[in-house]
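S.K.: Submitted below is the structure of interest, expressed as structure tokens.
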Amino acid sequence: MRRAPAWLVSELLSNYPESACMTTSLGEYPLHLAVDKACAPEVVNLIIVANWKAIVAQDQVGRTPLDIIDRTELLQIEGNRIIFESLKRCHKTYMEIQKSAKEEKAILIRKQKATSNAVSKRHQEDVKAERYKQAKLEEDIEDLKMEINDMRELTKAKDHQIQKHVLAKNRWMETIKELETKEAGQRRELETERAQIKVILFKIEQKEEEIQRKGTKIDVLSKDLRSIAVSNETDVMESLIETEQSMRTMVSNQITLQKLLSSKSRGLKTLLKQRGIAVPDVNTQASQQEPQEEKSMHGDGVMHDDAASAAMMAAALLALQPKA
């Protein structure tokens, strides 16, 4: 307002550049004041450079700096004409810049809208795809839930079957243990019975040896009897009667022994049958031989020693021989 020189205004703007953007109570910028007070063109240019937007700024009355100086009486002064031309060029440049900026802004807005539309379209497509994927995933999740439930039911069924198998296995193991215990006991019994059978077989062999010895004695006695009968018939008859009585006694003893052996054989067969060993039935043969022997003794009065001994031995061997 006091028309300070350019160097002072430059120093002020250098030290306090914000002052170019400050306004008075009437809404006037420093540029309005400089134009109104007809400051030097250098001062006006310095303020324009400091606050470019003040060229088109309006005060409370609605005046721009160009409106303030655009008066005939003021334009007659050369300095004002220079300021006017400068403001006019600046205003034109500013408007061109603003127009270019608006056009660029419009282009940017159109590009932004196109980009936004494209992005929105892609976003919608992506959202649609994501929704489809989500729906597919939900279906897959439901299928998986159903499969999980089926697997749980199957697992429960298998667990139930496993429990049944475990219980059955435990029962089988108990049964096996019981059978093993029984088998061990039966084996011990079998060993004991085998030992008893060996003892019985040993006794039977002793009896057979005794029968053979007695058969040998009988043969010797028969031969002696025949020789005596040739030499002395009377003595032979007497001796024959005595011999016959002795033979009857011996045969009776042999029959008793045979019955004892038959009893032992029946007990042995019973024991072998209890242990699952096949035994031939020789009772019929023994019973058939026994009456024939008695008939031969009582009818003829004489029993052949070899036939009796062989019959008793065959009966004992048949009783002891296992069936094939």
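The values are calculated or read from the model by the stated rules, or taken from the named source; none is laboratory data. Source: prediction; values computed, not measured. FYI the Cβ positions are ideal-geometry reconstructions off the backbone, even for glycines, and counts take in every protein chain you see.
S.K.: Could you check, for region 169-182, whether at least one of its residues is surrounded by 10 or more Cβ atoms within 10 Å (Cβ to Cβ), closer than 30 Å to Lys264 by Cα and either at pLDDT 85 or above or not assigned by TED's automatic domain parsing to the domain that holds Leu268 (or both)?
M.R.: Within region 169-182, one or more residues are surrounded by 10 or more Cβ atoms within 10 Å (Cβ to Cβ), closer than 30 Å to Lys264 by Cα and either at pLDDT 85 or above or not assigned by TED's automatic domain parsing to the domain that holds Leu268 (or both).
S.K.: Just one of (1) modelled with pLDDT of 70 or more; (2) within 60 Å of the chain's Cα centre (by Cα) trips up Ala278, so point out which.
M.R.: In the conditions (1) modelled with pLDDT of 70 or more; (2) within 60 Å of the chain's Cα centre (by Cα), Ala278 misses (1) alone.
S.K.: Considering only residues of region 196-231 that are surrounded by 10 or more Cβ atoms within 10 Å (Cβ to Cβ) and of a type in the set (S, T, N, Q), which is farthest from the chain's Cα centre (by Cα)?
M.R.: Ser227
S.K.: Sticking with this structure for a sec: Has region 167-190 got any residue that is assigned to a helix (DSSP H, G or I) and under 30 Å from Ser252 (Cβ atoms)?
M.R.: no
S.K.: Quick check, is Ile97 farther than 16 Å from Ala20 by Cβ, of a type in the set (Val, Ile, Thr) and modelled with pLDDT under 85?
M.R.: No: the conditions fail for Ile97.
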